[in-house]
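The values are calculated or read from the model by the stated rules, or taken from the named source; none is laboratory data. A quick note: this is a predicted structure, and the numbers were derived from the prediction, not measured. Counting neighbours? That spans all protein chains shown, and the Cβs are built from the backbone with ideal geometry, glycine included. SASA here: full protein model, heavy atoms, side chains in, ligands and nucleic acids out. Shrake-Rupley method; radii C 1.70, N 1.55, O 1.52, S 1.80 Å.
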Amino acid sequence: MSKKLYIETLGCAMNSRDSEHIIAELSEKENYKTTTDISEADLILINTCSVREKPVAKLFSELGIFNKKKKDGAKIGVCGCTASHLGAEIIKRAPYVNFVLGARNVSKITDVIHRERAVEVDINYDESEFAFDDFRTSPYKAFINISIGCDKSCTYCIVPKTRGEEISIPDELILREAKRSVENGAKEIFLLGQNVNNYGRRFSGEHEKVNFTELLRRLSAIDGLERIRFTSPHPFHMDDEFIDEFAKNPKICKSMHMPLQSGSTKVLKDMKRGYTKEWFLERVEKLRALCPEVSISTDIIVAFPGESNEDFLDTLDVMNRVKFDQIFSFKYSPRPETEAEHFTNVVDEDVASLRLTTIQDLNTKILDEKNSVQLGKIYRVYFEDLNSDYFVSGRSDGNMLIKAKGSDELLGQFRDVEITAIGRTILTGKIID
Ligand code: 5AD
Ligand code: SF4
(Lines give C-alpha, C1' and ligand atoms only; values in the text may rest on other atoms or scores of the structure.)
(Ligands and ions follow the chains in the order given, each with its own letter.)
Protein backbone atom coordinates (compact mmCIF):
# COMPACT_ATOMS: atom_id res chain seq x y z
CA MET A 1 0.00 0.00 0.00
CA SER A 2 1.20 3.49 -0.77
CA LYS A 3 2.29 5.89 1.97
CA LYS A 4 0.83 9.38 2.33
CA LEU A 5 2.72 12.65 1.94
CA TYR A 6 1.48 16.04 3.13
CA ILE A 7 3.54 18.92 1.80
CA GLU A 8 3.20 22.66 2.42
CA THR A 9 5.12 25.09 0.20
CA LEU A 10 6.01 28.68 1.05
CA GLY A 11 8.00 31.23 -0.94
CA CYS A 12 8.75 31.63 -4.61
CA ALA A 13 8.12 29.68 -7.82
CA MET A 14 11.49 28.02 -7.42
CA ASN A 15 10.35 26.56 -4.11
CA SER A 16 7.15 25.32 -5.78
CA ARG A 17 9.26 23.56 -8.40
CA ASP A 18 11.46 22.07 -5.65
CA SER A 19 8.27 20.70 -4.05
CA GLU A 20 7.29 19.14 -7.39
CA HIS A 21 10.73 17.49 -7.51
CA ILE A 22 10.31 16.21 -3.95
CA ILE A 23 6.88 14.77 -4.76
CA ALA A 24 8.25 13.15 -7.94
CA GLU A 25 11.17 11.50 -6.15
CA LEU A 26 9.03 10.27 -3.26
CA SER A 27 6.26 8.90 -5.43
CA GLU A 28 8.49 7.16 -7.97
CA LYS A 29 11.09 5.76 -5.59
CA GLU A 30 9.27 5.46 -2.26
CA ASN A 31 5.65 4.87 -3.28
CA TYR A 32 4.19 8.01 -1.66
CA LYS A 33 0.94 9.66 -2.73
CA THR A 34 0.06 13.21 -1.72
CA THR A 35 -2.76 14.00 0.71
CA THR A 36 -4.30 17.25 1.91
CA ASP A 37 -5.27 15.66 5.24
CA ILE A 38 -2.39 16.09 7.64
CA SER A 39 -3.73 13.56 10.17
CA GLU A 40 -3.46 10.66 7.70
CA ALA A 41 0.04 11.56 6.46
CA ASP A 42 3.03 9.26 7.06
CA LEU A 43 5.37 12.08 6.10
CA ILE A 44 4.78 15.81 6.69
CA LEU A 45 7.02 18.26 4.86
CA ILE A 46 7.25 22.02 4.97
CA ASN A 47 9.22 23.68 2.20
CA THR A 48 10.26 26.97 3.73
CA CYS A 49 11.23 30.49 2.63
CA SER A 50 13.61 32.77 4.52
CA VAL A 51 13.56 35.89 2.38
CA ARG A 52 11.82 37.88 5.11
CA GLU A 53 11.62 37.37 8.86
CA LYS A 54 7.88 36.73 9.16
CA PRO A 55 7.70 33.32 7.44
CA VAL A 56 10.64 32.10 9.53
CA ALA A 57 8.88 33.02 12.76
CA LYS A 58 5.77 31.27 11.44
CA LEU A 59 7.70 28.06 10.80
CA PHE A 60 7.99 27.09 14.45
CA SER A 61 4.32 27.69 15.20
CA GLU A 62 3.43 25.62 12.08
CA LEU A 63 5.73 22.82 13.24
CA GLY A 64 4.00 22.79 16.65
CA ILE A 65 0.64 22.36 14.90
CA PHE A 66 2.01 19.55 12.68
CA ASN A 67 3.33 17.77 15.76
CA LYS A 68 -0.09 17.91 17.44
CA LYS A 69 -2.03 16.79 14.38
CA LYS A 70 0.26 14.05 13.10
CA LYS A 71 -0.63 10.40 13.51
CA ASP A 72 1.58 8.08 15.58
CA GLY A 73 4.84 7.27 13.82
CA ALA A 74 4.49 10.00 11.18
CA LYS A 75 7.69 11.87 10.34
CA ILE A 76 8.18 15.62 9.99
CA GLY A 77 10.82 17.13 7.67
CA VAL A 78 11.81 20.76 7.15
CA CYS A 79 13.04 21.60 3.63
CA GLY A 80 13.94 24.74 1.68
CA CYS A 81 15.68 28.01 2.39
CA THR A 82 15.12 28.19 6.15
CA ALA A 83 16.37 24.62 6.41
CA SER A 84 19.56 25.78 4.64
CA HIS A 85 20.09 28.71 6.94
CA LEU A 86 19.08 27.29 10.33
CA GLY A 87 20.18 23.68 9.76
CA ALA A 88 20.53 21.60 12.94
CA GLU A 89 19.15 24.47 15.05
CA ILE A 90 15.68 23.53 13.80
CA ILE A 91 15.93 20.13 15.49
CA LYS A 92 17.28 21.79 18.66
CA ARG A 93 14.26 24.11 18.80
CA ALA A 94 11.73 21.50 17.68
CA PRO A 95 13.16 18.08 18.72
CA TYR A 96 10.26 16.18 17.13
CA VAL A 97 11.51 17.19 13.65
CA ASN A 98 12.97 14.07 11.99
CA PHE A 99 15.17 15.67 9.35
CA VAL A 100 16.27 18.95 7.76
CA LEU A 101 16.89 19.22 4.00
CA GLY A 102 18.33 22.39 2.45
CA ALA A 103 17.16 24.15 -0.73
CA ARG A 104 20.16 22.83 -2.61
CA ASN A 105 19.87 19.23 -1.45
CA VAL A 106 16.46 18.31 -2.87
CA SER A 107 17.79 15.20 -4.61
CA LYS A 108 18.72 13.72 -1.21
CA ILE A 109 15.07 13.52 -0.11
CA THR A 110 14.85 9.74 -0.62
CA ASP A 111 17.91 9.34 1.57
CA VAL A 112 17.08 11.66 4.50
CA ILE A 113 13.65 10.14 5.12
CA HIS A 114 15.47 6.97 6.23
CA ARG A 115 18.05 8.67 8.44
CA GLU A 116 16.84 9.85 11.84
CA ARG A 117 17.84 13.50 12.62
CA ALA A 118 19.58 13.85 9.23
CA VAL A 119 20.68 17.40 8.43
CA GLU A 120 21.67 17.90 4.76
CA VAL A 121 22.17 21.60 4.10
CA ASP A 122 25.34 21.85 2.01
CA ILE A 123 24.98 25.00 -0.14
CA ASN A 124 27.87 23.91 -2.37
CA TYR A 125 26.11 20.71 -3.37
CA ASP A 126 25.74 20.61 -7.16
CA GLU A 127 22.34 19.41 -8.34
CA SER A 128 22.53 21.15 -11.71
CA GLU A 129 22.64 17.88 -13.65
CA PHE A 130 20.49 15.70 -11.40
CA ALA A 131 17.73 13.94 -13.36
CA PHE A 132 14.68 14.32 -11.14
CA ASP A 133 11.67 12.12 -11.69
CA ASP A 134 8.78 13.85 -13.40
CA PHE A 135 5.83 15.39 -11.60
CA ARG A 136 3.83 18.49 -12.50
CA THR A 137 1.02 20.13 -10.59
CA SER A 138 -0.44 21.41 -13.87
CA PRO A 139 -0.35 19.51 -17.18
CA TYR A 140 -0.84 22.77 -19.09
CA LYS A 141 2.14 24.78 -17.90
CA ALA A 142 5.60 23.38 -17.12
CA PHE A 143 7.91 25.11 -14.65
CA ILE A 144 11.53 24.39 -15.59
CA ASN A 145 14.63 25.35 -13.61
CA ILE A 146 17.42 26.77 -15.75
CA SER A 147 19.92 27.48 -12.98
CA ILE A 148 20.49 26.89 -9.30
CA GLY A 149 21.82 29.39 -6.75
CA CYS A 150 22.59 33.09 -7.11
CA ASP A 151 25.89 34.89 -7.72
CA LYS A 152 24.73 38.40 -6.83
CA SER A 153 25.50 40.04 -3.52
CA CYS A 154 22.48 42.30 -2.94
CA THR A 155 23.11 43.52 0.59
CA TYR A 156 19.57 42.77 1.85
CA CYS A 157 19.25 39.26 0.44
CA ILE A 158 19.71 35.93 2.18
CA VAL A 159 19.30 33.79 -0.96
CA PRO A 160 23.01 33.40 -1.85
CA LYS A 161 23.43 31.98 1.67
CA THR A 162 20.58 29.49 1.27
CA ARG A 163 20.92 28.49 -2.38
CA GLY A 164 24.68 28.92 -2.87
CA GLU A 165 26.62 29.93 -5.96
CA GLU A 166 24.98 30.14 -9.34
CA ILE A 167 25.33 27.18 -11.72
CA SER A 168 23.47 26.96 -15.02
CA ILE A 169 21.74 23.74 -15.98
CA PRO A 170 23.05 22.50 -19.36
CA ASP A 171 20.76 23.68 -22.16
CA GLU A 172 20.37 20.16 -23.57
CA LEU A 173 18.75 19.07 -20.28
CA ILE A 174 16.44 22.10 -20.31
CA LEU A 175 15.48 21.44 -23.96
CA ARG A 176 14.83 17.77 -23.20
CA GLU A 177 12.59 18.68 -20.26
CA ALA A 178 10.73 21.28 -22.32
CA LYS A 179 10.15 18.83 -25.19
CA ARG A 180 8.91 16.15 -22.83
CA SER A 181 6.44 18.52 -21.16
CA VAL A 182 5.13 19.66 -24.55
CA GLU A 183 4.65 15.99 -25.53
CA ASN A 184 2.70 15.60 -22.27
CA GLY A 185 0.34 18.45 -23.19
CA ALA A 186 1.92 21.68 -21.94
CA LYS A 187 1.77 24.54 -24.43
CA GLU A 188 3.52 26.93 -22.07
CA ILE A 189 6.80 26.69 -20.21
CA PHE A 190 7.92 28.92 -17.35
CA LEU A 191 11.69 29.17 -16.92
CA LEU A 192 12.94 29.65 -13.37
CA GLY A 193 16.14 30.98 -11.89
CA GLN A 194 17.20 33.59 -9.35
CA ASN A 195 18.75 35.55 -12.16
CA VAL A 196 17.63 34.06 -15.47
CA ASN A 197 19.34 36.48 -17.83
CA ASN A 198 22.69 35.69 -16.26
CA TYR A 199 22.23 32.18 -17.69
CA GLY A 200 25.34 30.54 -19.09
CA ARG A 201 27.89 32.32 -16.91
CA ARG A 202 29.01 29.10 -15.26
CA PHE A 203 28.23 25.46 -15.93
CA SER A 204 29.31 22.61 -13.71
CA GLY A 205 31.50 20.99 -16.39
CA GLU A 206 32.90 22.03 -19.77
CA HIS A 207 30.08 23.51 -21.82
CA GLU A 208 29.51 25.44 -25.01
CA LYS A 209 28.85 29.18 -24.35
CA VAL A 210 25.08 29.64 -24.42
CA ASN A 211 23.56 32.81 -22.96
CA PHE A 212 19.93 33.38 -21.98
CA THR A 213 19.00 34.94 -25.30
CA GLU A 214 20.37 31.91 -27.15
CA LEU A 215 18.56 29.57 -24.75
CA LEU A 216 15.30 31.37 -25.55
CA ARG A 217 15.97 30.98 -29.30
CA ARG A 218 16.64 27.26 -28.94
CA LEU A 219 13.55 26.69 -26.80
CA SER A 220 11.29 28.59 -29.14
CA ALA A 221 12.20 26.17 -31.95
CA ILE A 222 10.28 23.38 -30.16
CA ASP A 223 7.21 22.39 -32.18
CA GLY A 224 3.95 22.60 -30.26
CA LEU A 225 5.38 24.98 -27.67
CA GLU A 226 3.41 28.21 -27.92
CA ARG A 227 4.37 30.34 -24.93
CA ILE A 228 7.56 30.96 -22.98
CA ARG A 229 7.65 32.87 -19.71
CA PHE A 230 10.49 33.34 -17.25
CA THR A 231 11.31 34.84 -13.87
CA SER A 232 13.28 36.70 -12.69
CA PRO A 233 15.50 38.66 -15.03
CA HIS A 234 17.88 41.18 -13.43
CA PRO A 235 17.68 44.77 -14.77
CA PHE A 236 21.50 44.92 -14.81
CA HIS A 237 21.70 42.08 -17.37
CA MET A 238 19.00 43.42 -19.70
CA ASP A 239 21.26 44.06 -22.67
CA ASP A 240 20.05 45.13 -26.12
CA GLU A 241 20.37 41.63 -27.57
CA PHE A 242 18.04 40.25 -24.88
CA ILE A 243 15.46 43.04 -25.26
CA ASP A 244 15.50 42.66 -29.08
CA GLU A 245 14.90 38.90 -28.84
CA PHE A 246 12.17 39.44 -26.24
CA ALA A 247 10.40 41.92 -28.50
CA LYS A 248 10.59 40.01 -31.78
CA ASN A 249 10.20 36.36 -30.72
CA PRO A 250 6.45 35.62 -30.95
CA LYS A 251 6.66 32.69 -28.54
CA ILE A 252 7.99 34.84 -25.69
CA CYS A 253 5.10 36.25 -23.65
CA LYS A 254 5.14 39.99 -23.51
CA SER A 255 5.30 40.25 -19.77
CA MET A 256 8.53 41.23 -18.04
CA HIS A 257 9.33 41.18 -14.34
CA MET A 258 11.86 43.95 -13.64
CA PRO A 259 12.68 44.00 -9.92
CA LEU A 260 13.37 47.67 -9.23
CA GLN A 261 13.83 47.39 -5.42
CA SER A 262 14.35 51.17 -5.13
CA GLY A 263 14.08 54.18 -7.42
CA SER A 264 16.96 55.98 -5.70
CA THR A 265 20.42 55.58 -7.21
CA LYS A 266 21.94 56.05 -3.78
CA VAL A 267 19.84 53.29 -2.21
CA LEU A 268 20.47 51.02 -5.23
CA LYS A 269 24.18 51.51 -4.62
CA ASP A 270 23.79 50.64 -0.93
CA MET A 271 21.84 47.57 -2.02
CA LYS A 272 24.63 46.67 -4.52
CA ARG A 273 22.13 46.27 -7.33
CA GLY A 274 24.57 47.33 -10.03
CA TYR A 275 22.31 49.82 -11.87
CA THR A 276 21.02 53.37 -11.43
CA LYS A 277 17.57 54.94 -11.58
CA GLU A 278 18.44 56.29 -15.04
CA TRP A 279 19.58 52.86 -16.32
CA PHE A 280 16.33 51.27 -15.15
CA LEU A 281 14.21 53.97 -16.80
CA GLU A 282 16.23 53.77 -20.01
CA ARG A 283 15.80 49.98 -20.17
CA VAL A 284 12.03 50.38 -19.71
CA GLU A 285 11.98 52.99 -22.46
CA LYS A 286 13.89 50.73 -24.84
CA LEU A 287 11.64 47.79 -24.01
CA ARG A 288 8.47 49.81 -24.57
CA ALA A 289 9.82 51.32 -27.79
CA LEU A 290 10.40 47.85 -29.28
CA CYS A 291 7.43 46.19 -27.63
CA PRO A 292 4.67 48.71 -26.80
CA GLU A 293 2.24 46.04 -25.55
CA VAL A 294 4.64 44.71 -22.87
CA SER A 295 3.32 44.52 -19.33
CA ILE A 296 5.91 45.16 -16.65
CA SER A 297 5.82 43.98 -13.05
CA THR A 298 8.26 44.73 -10.25
CA ASP A 299 9.40 44.20 -6.66
CA ILE A 300 9.97 47.18 -4.37
CA ILE A 301 11.53 47.27 -0.91
CA VAL A 302 10.72 50.33 1.23
CA ALA A 303 12.66 51.63 4.22
CA PHE A 304 15.98 50.07 3.39
CA PRO A 305 18.54 51.41 5.94
CA GLY A 306 19.40 55.01 5.10
CA GLU A 307 16.42 55.54 2.75
CA SER A 308 15.63 59.26 3.12
CA ASN A 309 12.36 60.89 2.18
CA GLU A 310 14.03 62.12 -0.99
CA ASP A 311 15.13 58.58 -1.87
CA PHE A 312 11.59 57.38 -1.31
CA LEU A 313 10.25 60.12 -3.61
CA ASP A 314 12.56 58.73 -6.30
CA THR A 315 10.80 55.36 -5.99
CA LEU A 316 7.41 57.06 -6.35
CA ASP A 317 8.80 58.96 -9.34
CA VAL A 318 9.81 55.72 -11.08
CA MET A 319 6.36 54.26 -10.34
CA ASN A 320 4.68 57.32 -11.86
CA ARG A 321 6.84 57.17 -14.96
CA VAL A 322 6.78 53.42 -15.59
CA LYS A 323 3.22 52.71 -14.42
CA PHE A 324 3.92 49.07 -13.56
CA ASP A 325 1.22 46.51 -14.26
CA GLN A 326 1.87 44.69 -10.99
CA ILE A 327 3.91 45.53 -7.90
CA PHE A 328 5.06 43.27 -5.08
CA SER A 329 6.06 45.63 -2.29
CA PHE A 330 7.81 44.81 0.97
CA LYS A 331 9.04 46.52 4.08
CA TYR A 332 12.77 45.92 4.45
CA SER A 333 13.39 42.99 6.78
CA PRO A 334 16.92 42.53 8.17
CA ARG A 335 18.24 39.05 7.42
CA PRO A 336 21.04 37.12 9.10
CA GLU A 337 24.37 36.75 7.29
CA THR A 338 23.64 39.69 4.96
CA GLU A 339 25.67 42.90 4.70
CA ALA A 340 22.71 45.17 5.40
CA GLU A 341 22.04 43.38 8.69
CA HIS A 342 24.91 45.48 10.10
CA PHE A 343 23.72 48.82 8.66
CA THR A 344 22.87 51.13 11.53
CA ASN A 345 20.86 53.90 9.82
CA VAL A 346 17.57 52.05 10.35
CA VAL A 347 14.32 53.70 9.21
CA ASP A 348 11.63 54.14 11.91
CA GLU A 349 8.92 51.51 11.88
CA ASP A 350 6.16 54.19 11.58
CA VAL A 351 7.87 55.74 8.57
CA ALA A 352 8.36 52.30 7.01
CA SER A 353 4.67 51.45 7.40
CA LEU A 354 3.61 54.79 5.95
CA ARG A 355 5.91 54.31 2.95
CA LEU A 356 4.52 50.86 2.28
CA THR A 357 0.91 52.09 2.29
CA THR A 358 1.89 55.06 0.11
CA ILE A 359 3.35 52.65 -2.48
CA GLN A 360 0.32 50.41 -2.32
CA ASP A 361 -2.15 53.32 -2.62
CA LEU A 362 -0.30 54.77 -5.61
CA ASN A 363 -0.20 51.33 -7.21
CA THR A 364 -3.97 50.92 -6.77
CA LYS A 365 -4.55 54.33 -8.35
CA ILE A 366 -2.31 53.49 -11.33
CA LEU A 367 -3.94 50.08 -11.81
CA ASP A 368 -7.46 51.53 -11.63
CA GLU A 369 -6.50 53.99 -14.37
CA LYS A 370 -5.05 51.20 -16.50
CA ASN A 371 -8.01 48.90 -15.86
CA SER A 372 -10.57 51.53 -16.79
CA VAL A 373 -9.81 51.09 -20.50
CA GLN A 374 -10.07 47.29 -20.50
CA LEU A 375 -13.81 46.99 -21.25
CA GLY A 376 -14.35 45.65 -24.78
CA LYS A 377 -10.69 44.71 -25.30
CA ILE A 378 -9.90 41.30 -26.74
CA TYR A 379 -7.19 39.03 -25.36
CA ARG A 380 -5.92 35.59 -26.35
CA VAL A 381 -6.25 33.53 -23.16
CA TYR A 382 -4.63 30.19 -22.37
CA PHE A 383 -7.09 28.48 -20.01
CA GLU A 384 -5.47 26.57 -17.16
CA ASP A 385 -7.87 26.41 -14.18
CA LEU A 386 -11.42 25.31 -13.61
CA ASN A 387 -13.12 27.67 -11.15
CA SER A 388 -15.87 26.32 -8.92
CA ASP A 389 -18.63 28.48 -10.40
CA TYR A 390 -18.53 27.07 -13.97
CA PHE A 391 -15.86 29.50 -15.01
CA VAL A 392 -12.46 28.74 -16.45
CA SER A 393 -9.53 31.08 -15.98
CA GLY A 394 -6.19 31.64 -17.57
CA ARG A 395 -3.71 34.29 -18.58
CA SER A 396 -3.32 36.66 -21.48
CA ASP A 397 0.04 36.95 -23.18
CA GLY A 398 0.70 39.97 -20.93
CA ASN A 399 -0.04 37.83 -17.84
CA MET A 400 -3.48 39.28 -17.03
CA LEU A 401 -5.71 36.85 -15.15
CA ILE A 402 -9.00 36.48 -17.07
CA LYS A 403 -12.02 34.26 -16.48
CA ALA A 404 -14.86 33.28 -18.77
CA LYS A 405 -17.87 30.93 -18.64
CA GLY A 406 -16.84 27.47 -19.70
CA SER A 407 -16.07 23.89 -18.73
CA ASP A 408 -12.99 21.70 -18.41
CA GLU A 409 -13.03 21.13 -22.18
CA LEU A 410 -11.40 24.55 -22.46
CA LEU A 411 -8.45 23.69 -20.24
CA GLY A 412 -5.20 23.66 -22.19
CA GLN A 413 -6.88 25.65 -25.00
CA PHE A 414 -6.36 29.16 -26.37
CA ARG A 415 -9.41 31.37 -26.98
CA ASP A 416 -10.06 35.01 -27.80
CA VAL A 417 -11.92 36.66 -24.95
CA GLU A 418 -13.67 40.02 -24.94
CA ILE A 419 -13.56 41.78 -21.56
CA THR A 420 -17.02 42.41 -20.10
CA ALA A 421 -16.29 43.23 -16.44
CA ILE A 422 -13.32 44.65 -14.60
CA GLY A 423 -11.99 43.60 -11.22
CA ARG A 424 -8.76 44.48 -9.44
CA THR A 425 -7.37 40.95 -9.40
CA ILE A 426 -9.23 39.31 -12.29
CA LEU A 427 -11.00 40.44 -15.45
CA THR A 428 -14.15 38.71 -16.71
CA GLY A 429 -14.92 38.20 -20.36
CA LYS A 430 -16.84 36.21 -22.93
CA ILE A 431 -15.29 33.84 -25.42
CA ILE A 432 -15.67 35.11 -28.96
CA ASP A 433 -13.47 32.64 -30.84
N1 5AD B 1 13.53 42.47 3.07
C2 5AD B 1 12.43 42.76 2.33
N3 5AD B 1 12.21 42.28 1.10
C4 5AD B 1 13.15 41.46 0.59
N5 5AD B 1 13.23 40.84 -0.61
C6 5AD B 1 14.37 40.14 -0.64
N7 5AD B 1 15.05 40.28 0.51
C8 5AD B 1 14.31 41.12 1.28
C9 5AD B 1 14.49 41.65 2.58
N10 5AD B 1 15.57 41.38 3.33
C11 5AD B 1 12.23 41.01 -1.68
C12 5AD B 1 12.86 41.59 -2.94
C13 5AD B 1 12.90 40.41 -3.86
C14 5AD B 1 11.68 39.66 -3.44
C15 5AD B 1 11.64 38.23 -3.86
O16 5AD B 1 11.70 39.75 -2.03
O17 5AD B 1 12.02 42.60 -3.44
O18 5AD B 1 12.87 40.79 -5.23
FE1 SF4 C 1 12.58 31.56 -2.91
FE2 SF4 C 1 14.21 33.39 -1.86
FE3 SF4 C 1 12.21 32.41 -0.40
FE4 SF4 C 1 14.32 30.89 -1.01
S5 SF4 C 1 14.35 32.74 0.25
S6 SF4 C 1 12.15 30.30 -1.15
S7 SF4 C 1 14.81 31.60 -3.05
S8 SF4 C 1 12.00 33.65 -2.23
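Couple of notes before you dig in:
- Any hit, the range 270-281, residues being open to solvent by less than 20 Å² (accessible area, probe 1.4 Å) and among the polar types (S, T, N, Q): no
- Residue match in the range 45-61 (condition: surrounded by 14 or more Cβ atoms within 10 Å (Cβ to Cβ), over 27 Å from the mean Cα position of the chain (by Cα) and at pLDDT 95 or above): no
- Conditions (1) under 23 Å from SER232 (Cα atoms); (2) within 16 Å of ligand 1 (Cβ to nearest atom): number failed by VAL106: (2)
- Condition check for VAL196: open to solvent by less than 20 Å² (accessible area, probe 1.4 Å), at negative phi and either within 16 Å of ligand 2 (Cβ to nearest atom) or in contact with a Pro (Cβ under 6 Å, 6 or more places away or on another chain) (or both): yes
- Test: SER353 is assigned to a loop (DSSP other than H, G, I, E, B), open to solvent by less than 60 Å² (accessible area, probe 1.4 Å) and either within 14 Å of ligand 1 (Cβ to nearest atom) or closer than 13 Å to ARG52 by Cα (or both): no
- From the options PRO305, PRO336, residue that is open to solvent by less than 50 Å² (accessible area, probe 1.4 Å) and within 16 Å of ligand 2 (Cβ to nearest atom): PRO336
- Residue count for the range 257-269, restricted to those that are surrounded by fewer than 23 Cβ atoms within 10 Å (Cβ to Cβ) and farther than 14 Å from GLY306 by Cβ: 3
- Within the range 369-385, residues that are assigned to a loop (DSSP other than H, G, I, E, B) reach partners that are surrounded by 15 or more Cβ atoms within 10 Å (Cβ to Cβ) and not aliphatic (A, V, I, L, M) with beta carbons closer than 8 Å, at six or more positions or on different chains, in the pairs GLY376/GLU418; LYS377/GLU418.
- Residues being open to solvent by 30 Å² or more (accessible area, probe 1.4 Å), farther than 25 Å from TYR140 by Cα and at pLDDT 95 or above are entirely absent from the range 389-399.
- Boolean, ASP314 is open to solvent by 10 Å² or more (accessible area, probe 1.4 Å) and more than 12 Å from ligand 1 (Cβ to nearest atom): yes
- For the range 1-22, the set of residues classified as away from ligand 1 (no atom under 16 Å from the Cβ) and in a loop (DSSP other than H, G, I, E, B) consists of MET1, SER2, listed by residue number.
- Unmet requirement for GLU25, which otherwise passes all of (1) within 16 Å of ligand 1 (Cβ to nearest atom); (2) buried (at least 17 other Cβ atoms within 10 Å of the Cβ); (3) not hydrophobic (A, V, I, L, M, F, W, C): (1)
- Residues in the range 408-433 that are under 15 Å from TYR140 (Cα atoms) and open to solvent by less than 50 Å² (accessible area, probe 1.4 Å): LEU410, LEU411, GLY412, PHE414.
- Residue match in the range 211-225 (condition: part of a loop (DSSP other than H, G, I, E, B) and buried (at least 21 other Cβ atoms within 10 Å of the Cβ)): no
- Scanning the range 26-65 for residues that are closer than 20 Å to VAL106 by Cβ, within 16 Å of ligand 2 (Cβ to nearest atom) and of a type in the set (Gly, Ala, Ser) yields one hit, SER50.
Yes/no matrix, rows are residues, columns are (1) more than 16 Å from ligand 2 (Cβ to nearest atom); (2) of a type outside the set (Asp, Glu):
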residue	(1), (2)
MET319	yes, yes
LYS323	yes, yes
SER329	no, yes
ASP350	yes, no
THR358	yes, yes
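- Those residues of the range 39-59 which are in contact with a Gly (Cβ under 9 Å, 6 or more places away or on another chain) and either within 16 Å of ligand 1 (Cβ to nearest atom) or part of a strand (DSSP E or B) (or both), in sequence order: LEU43, ILE44, LEU45, ILE46, ASN47, THR48, CYS49, SER50, VAL51, PRO55
- Single residue of SER181, SER153 found to be within 16 Å of ligand 2 (Cβ to nearest atom) and not assigned by TED's automatic domain parsing to the domain that holds LEU410: SER153
- Test: residue in the range 157-164 that is closer than 16 Å to GLU8 by Cα, of a type outside the set (Val, Ile, Thr) and more than 16 Å from ligand 1 (Cβ to nearest atom): no
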